[in-house]
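Since the structure comes first, as structure tokens, the remarks are kept for the end.
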Amino acid sequence: QVQLVESGGGLVQPGGSLRLSCVASRNIFSTYSMGWYRQAPGKQRELVASITTGGSTDYADSVKGRFTISRDNAKNTMYLQMNSLKPEDTAVYYCNRRWGALYAWGQGTLVTVSS
């Protein structure tokens with residue numbers, strides 16, 4: 001079973017930036033399309049960004065132009081660069097496969113955007 005570990009969250013003021021990391025226990029990023037998801041308090045988990053094995057990316061409208069997804073296959077790591085953060089970006093962020101059977105969810109990393 002693949003283990004996914006997210007990190008990089010924290011408290012940031014509106015307009016600030018954070019870079020999240022997702023480390024997998026084995027090389028999956030060159031095999032599967034992957035995504036960053038988030039779950040805000042009282043809301044369902046949603047997909048915010050995805051990247052294919054070929055490097056094509058897609059974003060939810062709410063983060064388009066502000067977030068950038070990328071990966072480093074050699075490091076078994078995926079990233080989410082988040083700029084111009086807004087209070088509505090506050091959530092626990094998770095990584096997982098974009099399509100097909102999901103891996104067990106990691107613990108996520110909490111992002112809090114507040115002044």
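Note on the chain: GNM, Cα springs under 10 Å; of Gly55, Gly100, Gly16, the largest mean-square fluctuation is that of Gly100. Shown are Leu47, Leu102, whose ranking by accessible area with a 1.4 Å probe and every protein chain present, most to least, is Leu102, Leu47.
Using the 1.4 Å probe convention, the accessible area of the chain works out to 51 Å² per residue with neighbouring protein chains retained.
Taking 0.36 nm per residue of sequence separation and removing the Cα-Cα distance, the Thr57/Gln1 pair yields an extension gain of 17.6 nm. How would the range 1-51 be classified by its alpha-carbon gyration tensor: rounded, prolate or oblate, with rounded meaning a/c under 1.5 and the a/b versus b/c comparison settling the rest? Here the range 1-51 falls in the prolate category.
Counting 0.36 nm for each residue step from Gln44 to Ser84 and taking away their Cα separation leaves a gain of 12.1 nm. By the rule of a C-alpha distance below 24 Å, with chain neighbours fewer than 8 residues away ignored, the lysines paired with Lys64 are Lys43, Lys86. Take the chain and mark each of the trypsin sites (Lys or Arg not before Pro) that is in a DSSP loop with at most 16 other Cβ atoms within 10 Å; the longest unmarked stretch, sites excluded, is 67-115. Within a straight-line Cα-Cα reach of under 15 Å, Lys75 can be paired with the following aspartates and glutamates, leaving aside sequence neighbours fewer than 8 residues apart in one chain: Glu6. The calculated FRET efficiency for the pair Leu11 and Leu102, based on their C-beta separation and a Förster distance of 22 Å, comes to about 0.20. Highest GNM mean-square fluctuation among Ala104, Ala91, Ala49, for the chain modelled with Cα contacts below 10 Å: Ala104.
Across the chain, C-alpha contacts under 8 Å between residues 6 or more apart give a mean separation that, scaled by the residue count, equals a relative contact order of 38 percent. Shown for the chain: the carbon plus sulfur share of the solvent-accessible area, taken with all protein chains present and a 1.4 angstrom probe, equals 47%. With springs only between Cα atoms under 10 Å, which of Leu11, Leu20, Leu85 fluctuates most in a Gaussian network model of the chain? In the Gaussian network model the winner is Leu11.
The values are calculated or read from the model by the stated rules, or taken from the named source; none is laboratory data. Remember, predicted model here, so these are calculated numbers, not experimental data. A quick note on method: Cβ atoms are made from the backbone with ideal geometry, for glycine too, and the neighbour counts reach across all protein chains shown. These area figures cover heavy atoms from the full protein model, side chains too; ligands, DNA and RNA do not enter into them. Shrake-Rupley method; radii C 1.70, N 1.55, O 1.52, S 1.80 Å.
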